[in-house]
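The values are calculated or read from the model by the stated rules, or taken from the named source; none is laboratory data. A quick note: this is a predicted structure, and the numbers were derived from the prediction, not measured. All Cβ positions, glycine included, derive from the backbone under ideal geometry; neighbour counts span all protein chains shown. Note: areas computed on protein heavy atoms with side chains; ligands, DNA, RNA excluded. Shrake-Rupley method; radii C 1.70, N 1.55, O 1.52, S 1.80 Å.
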Amino acid sequence: MSGVPVEAVAAAYGLGEPVGAAVYAARGELGRIWRLDTRRGSWAVKELLVPVREEDARADVAFQIAAAEAGVRLPRPVLTGSGDVVAGGRWRVYEWVDLVEGAQVTAAELGAVTAGLHGIGHPAAGPVAAWFAEPVGRTGWEALAAAAAGAGGGWREELRESVGELVALDELIVPPDPATVVTCHRDITPDNIRRAAHDGGIVVLDWENCGPASPAWELAKVLADLPDGAATPAYRAYREAGGPGRVTEPADFSMAIAEQGHLLEFYARRAMNPQESEENRTRAGARLRAMLARPLTRARVERLVEECARADVPAP
């Protein structure tokens, strides 16, 4: 039995009569996804784990609509009868899209999708948030290392040993140029770029994290998250698809560095917080171990800049 009040959600969003309880489908950091089947169709109901302001939700929906109009395939957001995105402070709804389980897009496809999203040129609603643009800083890292001191091994020891590199990495961050900032997806990963089951076409998921960013910075983050050697086909495909961003210097990785830092800090504090649920602490510890197993470093930033220079092609 799910915790989704199916009758209330279906009525609020005009989904039709439910034909059963909502079925758990997936979980991210921002919410749980449930599948709700009604006599009108199937829907993705997102249970928000982090509060979202209605005005922020409307801003990300505006970008989704602009993307759909530009030809990007995505689960269409559904509004309530009164035109709201969020119902009861806790729920959001999208059309359900069946995906090919286990299918991964290629690095080249990821680059081309990123170019398409950047080509929308949707105006940014405000400045770039600190999470994507500002470093944790030496004081923050030292405080985190102190909080992790005295504990056992595992990720805590790895994090403490990484503080020097993380402080040095923060020094590469520069302020974003407001002239380059547009609305970006800000969570382009293979998990969020998937294939539709009925025809194998590419579908872009998880838009709630979208907001102001520089295309070049988001492109650099996409490349940093790829396996070694995959940046070349991704960057080349991005350029060939007409993407506006260019990765030419270490400062272009400012967003990737800032986000890595804030994620490490967030997961570490969550994993060490006894007031968090066991599920949250376990998930946080797993994410920390995965991130620390392959962190972004100054050396890897330099290699990626060189790889992009070799992969660069004339503008179309």
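The listed residues Ile65, Ile193 rank as Ile65, Ile193 when sorted by accessible area, largest first, using a 1.4 Å probe. Shown here: segment 190-316, whose C-alpha atoms stretch 54, 42, 27 Å along the first, second and third principal axes, sorted largest to smallest.
Identify, among Ser42, Ala241, Val128, the residue whose Cα sits farthest towards the positive end of the charge dipole of the chain, taking +1 on the Cβ of Lys and Arg and -1 on the Cβ of Asp and Glu, with the dipole about the Cα centre. Farthest along the dipole direction, towards plus: Ser42. Calculate the translational D of segment 1-136 in whole µm² s⁻¹ from Stokes-Einstein, where the hydrodynamic radius comes from the Kirkwood formula applied to all Cα pairs, the temperature is 10 °C and the viscosity 1.306 mPa s. Stokes-Einstein gives a translational diffusion coefficient of 95 µm²/s.
The convex hull around the C-alpha trace of segment 143-219, projected and averaged over every direction, spans 8.4 square nanometres. For segment 1-105, the solvent-accessible area works out to 51 Å² per residue, with a probe of 1.4 Å and every protein chain left in place.
Using 1/(1 + (r/R0)^6) with R0 = 35 angstrom and r between the beta carbons of Val174 and Thr282, what's the FRET efficiency to the nearest 0.05? Could the numbers behind the result be given before it?
Details: r = 36 Å, r/R0 = 1.03.
After rounding to 0.05, the efficiency reads 0.45.
Rounded to the nearest 0.05, what FRET efficiency do Ala8 and Arg40 give with R0 = 22 Å and r taken as the Cβ-Cβ distance? Could you check? E between Ala8 and Arg40, to the nearest 0.05, is 0.85. Adding -39500 (n - 2.57) for every DSSP H run of four residues or longer, then dividing by how many residues the chain holds, sets the calculated 222 nm ellipticity at -13500 deg cm²/dmol. Computed over protein heavy atoms with a 1.4 Å probe, the accessible surface of segment 217-316 works out to 45 Å² per residue.
Here is the list for segment 143-211: GluC sites (Glu not before Pro) lying in DSSP coil, each with at most 15 other C-beta atoms within 10 angstrom of its C-beta, are Glu171. Taking the average, over residues, of other Cβ atoms within 10 Å as the packing measure, peptides 95-105, 71-81 rank 71-81, 95-105 from highest down. Ignoring any ligand, DNA or RNA, what whole percent of the accessible area of segment 31-112 comes from carbon and sulfur when the probe is 1.4 angstrom? In segment 31-112, the share of accessible area belonging to carbon and sulfur is 50 percent.
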